[in-house]
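Every read-out reported here was derived from the displayed coordinates using simple, explicitly stated rules and does not represent laboratory data. Because the structure is a prediction, the values reported are computed rather than measured. Here the Cβ positions follow ideal geometry from the backbone for every residue, glycine too, while neighbour counts run over all protein chains shown.
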Amino acid sequence: MNYREARKIARKAEHAFSLPNNATLHFIQKKLEAQRGRPIKIAELPGLAGSELCGVLLICSDRDIVLHAPVKSIWHRQQIILHEFSHLILGHDLDGVSSEIASSLLPDLDAKGVLRALARSSYTDDAELTAEALADQLATRIINSDAGVQPEPLAFRKVFG
């Protein structure tokens, strides 16, 4: 699959997900939680620093967990999370992916509670490519949204005309 085909699949998925024009990362999370009937926890995992992985999605029996590597900007964090959310939107979590990665990254986690795990490391397969294409589209929607935008400082027009 090429990126053009992935974008086509991503556009269909985004349309089916039915986001409002003023979508935010928080809104997308809440919508996914409502659809899935369980919470999504998001956390930074310092153990991912310096590794090939920058995000991991754990599908547990009672919740979903998105883990991301330490990041230097809120935009990078958002992109990693959107990528993992995109796997959920695209239904990739329904594929029979092993949960062995959860045990290797989080040895204290009860592996019996992790049903599946998806780890973001490369874009060589179709699932990763389509998830990244959808994450790009969702990020663009959020950036173009006026939700959460701070009002213009009162003196801005005086200074810049």
How many nm is it between the label spots at Asn21 and His76, if each spot is 7 Å from the Cα in line with the beta carbon?
3.4
Report the percentage of all Cα-Cα pairs in the range 16-57 whose separation exceeds 17 Å, rounded to a whole percent.
48
Expressed in angstrom and rounded, the centroid-to-centroid distance over alpha carbons for the range 33-66 and the range 1-27 is 20
What ranking do 19-26, 78-85, 55-62 get when scored by the average of other Cβ atoms within 10 Å per residue, highest first?
78-85, 55-62, 19-26
Order the peptides 28-38, 135-145 from the highest to the lowest mean number of other Cβ atoms within 10 Å of their residues.
135-145, 28-38
